[in-house]
Number of protein chains: 2
Amino acid sequence: MELSIEYLKQIIAETIAEIDKIPFVQVLVSNRHVHLSGEDVGILFGEGYQLSPVKELLPGQFACEETLTVSGEKGSLKKVRVLSPVRPETQVEISLTDNFTIGVRTPVNESGNLSGAGLVILENPLNSARVERKCAIAAQRHVHITPDFAEKHALKNGQVVSVEVGSPRGTVFRDCLIRVSKDFKEEMHIDTDEANAGMIKNGDLGLIIP
Amino acid sequence: MELSIEYLKQIIAETIAEIDKIPFVQVLVSNRHVHLSGEDVGILFGEGYQLSPVKELLPGQFACEETLTVSGEKGSLKKVRVLSPVRPETQVEISLTDNFTIGVRTPVNESGNLSGAGLVILENPLNSARVERKCAIAAQRHVHITPDFAEKHALKNGQVVSVEVGSPRGTVFRDCLIRVSKDFKEEMHIDTDEANAGMIKNGDLGLIIP
């Protein structure tokens, strides 16, 4: 075939189609954070208080201006970010490194599952209002994908896959839970321990290995 | 073959021989620690001071009674354990999580390589003596093996392998450096970020994948 603009365009289109077949996802690193119930917003910030979202983290989920101090038996984590919207139950997501720092023992759970959750005190440092809740978990690594992406790559909601992420601390994360929803973007969510173990920063690419 | 004690012994011996072919290593988790030069021992603890070893961590390497405060631009880590014996150069090994906590940026280096090491202040809280050194690194994950083990499993000093460690946060660590010495035991050394990412505790087994 002769070398022409048309030929180059065709090569590029074919290359893009090949790349498109590879199940890459962006990796996002979740820092420790707090989801509050409406009731706990009232106790910590005052009756009828509305959280102030400042930055969209995931579709429909926001980092808020508000931060809390999270304490266990041995220590405290200051300025832990509150996320909105409110949830039916208060949930704190911290890393296993944080477990050692503040003296709490969390399970590694899917978000929303508070089975075995660790006991922590949440305090608003501005007014000293506090609640004590069995609500602390470490988040199970998981991958958000859309139904289109799931179909294209033969993945299913609830499936457990591995995800390979690059060097110089190359890591294959086993036990990654696939979650499919039309409201998602393609994103793998890991915590700061997992990010540091793999020297991974926000936006790095992960390769799904079914 | 008839079922006899001899037969059972043979089955057990064969099973042990099979297990022996699998390149398993024990995984040990290194907490943050400090190696000091003789000169810095003198500055921090006093001229002619001898460190007090209390527990052998590796053959010939000891955790000492002494601890130091390690500080960066943003914060401090208290009670960081000093190891003996002294070394030609002071070296601090911290995790990448610690990097964020104290505001220092370390490379991920093999122990002994201080190229690009982060600037930290080491202080003896008992007498306020302090030194400022470009000596902070995060340790590269590595595997110690004996020459026998190396020969049996066709591994070489300097080789880079992967190591798989179990669930529920199953992880394959790529980029693991093999070190061979007759003074070693078979051990993989990882830091606390890597341990927490994989929910690994001291003595868990890792499988070397060449």
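The values are calculated or read from the model by the stated rules, or taken from the named source; none is laboratory data. What you are looking at is a predicted structure, and each value in this text was computed from that prediction instead of being measured. Glycine gets a Cβ as well: all are built from the backbone with ideal geometry, and neighbour counts include every protein chain shown. Please note that ligands, DNA and RNA were not included when accessible areas were found on the heavy atoms of the full protein model with its side chains. Shrake-Rupley method; radii C 1.70, N 1.55, O 1.52, S 1.80 Å.
Summary table below
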| quantity | calculated |
| --- | --- |
| Value of [θ]222 nm, deg cm²/dmol, for chain A, DSSP H segments ≥ 4, -39500 (n - 2.57) each, nearest 500 | -5500 deg cm²/dmol |
| Surface share of carbon and sulfur [accessible, 1.4 angstrom probe, percent] for the protein assembly as shown | 53 percent |
| Accessible area, probe 1.4 Å, largest first, for residues B:V86, A:V180 | B:V86, A:V180 |
| Average partner coverage of A:165-173, which counts Cβ from other chains inside 10 Å | 6 |
| Cα Rg, Dmax, the stretch B:1-92, angstrom units | 23.1, 74 |
| Alpha carbon centroid spacing (whole Å) that separates the stretch A:167-183 from the stretch B:59-75 | 35 Å |
| Cα-only radius of gyration and Dmax that characterise chain A, units Å | 20.4, 75 |
| Per-copy distances of the A:I209 label point, shortest first, in nm (7 angstrom along Cα→Cβ) | 0.4 |
| Estimated inter-spin distance, A:V108 and A:S128, nm [label 7 Å along Cα→Cβ] | 4.0 nm |
| Approximate shape of the stretch A:138-190 as ellipsoid semi-axes (Cα gyration tensor, √5λ), whole Å, largest first | 20, 12, 10 |
| Calculated diffusion of the protein assembly as shown, Stokes-Einstein form, Kirkwood radius summed over Cα pairs, 10 °C and 1.306 mPa s, µm²/s | 65 µm²/s |
| Antiparallel bridges, percent of DSSP beta bridges restricted to the protein assembly as shown (to nearest 5) | 70 percent |
| Lysines with Cα under 17 Å of A:K152, excluding same-chain neighbours fewer than 8 positions away | A:K21, A:K182, A:K185 |
| ³J(HN,Hα), Karplus 6.51/-1.76/1.60, whole Hz, each residue of the stretch B:202-208, x for Gly, Pro | 3, x, 4, 8, x, 9, 6 |
| DSSP beta bridge pairing in the stretch B:22-140, given as percent antiparallel to the nearest 5 | 75 percent |
| Computed accessible area, A:D20, all protein chains, 1.4 angstrom probe, square angstrom | 80 Å² |
| Under 5 Å, built H, 5+ apart or other chain: amide partners of B:R105 | B:L119 |
| Amide H contacts under 5 Å for A:Q140, placed H, 5+ residues apart | A:N109, A:E110, A:S111 |
| Ascending list, in nanometres, of distances separating the A:K55 label from those of the other copies (7 Å, Cα toward Cβ) | 3.9 |
| Accessible surface buried once B binds A (1.4 Å probe; total of both sides; Å²) | 1900 Å² |
| J(HN,Hα) series, the stretch B:137-149, from Karplus relation 6.51 cos²θ - 1.76 cosθ + 1.60, nearest Hz, glycine and proline x | 10, 9, 7, 5, 4, 8, 10, 8, 9, 8, x, 4, 5 |
| Probe 1.4 Å - accessible area at B:F100, Å² to nearest ten | 140 Å² |
